[in-house]
Amino acid sequence: MNEEDFLVGRCCTDKSKYLIYFNGKPSKNYAVYVCIKHFNKMPFNKNILKIITLERNN
């Protein structure tokens, strides 16, 4: 399975810095692109399975 199988969206319209996989129990797990502003904010800081830091070319 690839990330598109889990991806449900973005936290906002800002540039995403992280791809975060969440525990979706009792349903299925899911992933959201998250910006640095929302990284430590609810609900994006709970039930985390994996965090991938996205690389940006300047």
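Amide H contacts of Ala31: Leu7, Val8, Phe22, each under 5 Å away and 5 or more positions distant or on a separate chain (H built 1.01 Å from N in the peptide plane; Pro and chain starts excluded). Think of a 1.4 Å ball rolled over the protein heavy atoms: the chain then has 78 Å² of accessible area per residue. Other residues with beta-carbon under 14 Å from the beta-carbon of Asn40 carry, at +1 per Lys or Arg and -1 per Asp or Glu, a net charge of +4. Computed on the Cα atoms alone, the convex hull of the stretch 1-52 gives a volume of 76 cubic angstrom per residue.
Solvent-accessible area assigned to carbon and sulfur over the chain amounts to 49 percent, based on a 1.4 Å probe.
Rounded to the nearest whole Hz, the Karplus-based 3J(HN,Hα) values (6.51 cos²θ - 1.76 cosθ + 1.60, θ = phi - 60°) of the stretch 39-49 follow the sequence 4, 9, 9, 5, x, 7, 10, 10, 6, 7, 9, with x at glycine and proline.
Among the lysines of the chain, pairs that are 8 or more positions apart or on different chains and have alpha carbons within less than 19 Å of each other number 13. Extension gain for Asp14 to Asn40 (0.36 nm times residue separation, less C-alpha to C-alpha distance): 7.9 nm.
The values are calculated or read from the model by the stated rules, or taken from the named source; none is laboratory data. Predicted model, so just to flag it, every value in this text is computed and none were measured. With ideal geometry, Cβ positions are generated from the backbone for all residues, glycine too; neighbour counts draw on all protein chains shown. The protein model used for the area step is the full one, side chains on, heavy atoms only, and it has no ligands, DNA or RNA in it. Shrake-Rupley method; radii C 1.70, N 1.55, O 1.52, S 1.80 Å.
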